[in-house]
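Have a look at the structure below before the remarks.
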Amino acid sequence: MKRVVILTGYFKPEFTGIAPHASGLADELISKGLQVDVFAPMPFYPDWSIWREYRGKLFARENLGKVR
């Protein structure tokens with residue numbers, strides 16, 4: 001299986017900036033049969049601080065659908 005890595009400043013669950021586009025790209029690549037991994041910072045918009053559920057973590061590993 002071919003693998004794609006997306007490096008972005010915004011991604012799901014954020015809803016602004018490039019997040020909807022990067023998330024849509026990941027979903028489309030998965031629909032084409034590719035494995036998709038995303039590297040993005042912890043969500044921080046719109047409060048300009050890391051969301052409560054992500055605070056205190058150096059990194060987080062999640063699966064959002066088939067996106068890692």
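The values are calculated or read from the model by the stated rules, or taken from the named source; none is laboratory data. These figures come from a predicted structure and were not determined experimentally. When we count neighbours, we look across all protein chains shown, and the Cβ atoms used for this are built from the backbone with ideal geometry, even at glycine. These accessible areas exclude ligands, DNA and RNA; they are computed on the full protein's heavy atoms, side chains included. Shrake-Rupley method; radii C 1.70, N 1.55, O 1.52, S 1.80 Å.
Rounded to the nearest 500, the helix-only mean residue ellipticity at 222 nm of the chain stands at -6000 deg cm²/dmol, with each DSSP H run of n ≥ 4 adding -39,500 (n - 2.57). Surface composition of the chain: carbon and sulfur make up 58 percent of the accessible area, probe 1.4 Å. What the chain shows is 75 Å² of accessible area per residue, with the surface traced by a 1.4 Å probe over protein heavy atoms. With the highest mean first, a sort of the peptides 23-32, 44-53 on other beta-carbon atoms found within 10 angstrom per residue produces 23-32, 44-53. Each Lys and Arg adds +1 at its Cβ and each Asp and Glu adds -1 at its Cβ; summed about the Cα centre, the chain shows a dipole of about 280 debye. Taking the C-alpha atoms only, the angle from helix 19-31 to the longest principal axis of the chain is near 30 degrees. Ligands, DNA and RNA excluded, the heavy atoms of Phe39 present near 120 Å² of accessible surface to a 1.4 Å solvent probe.
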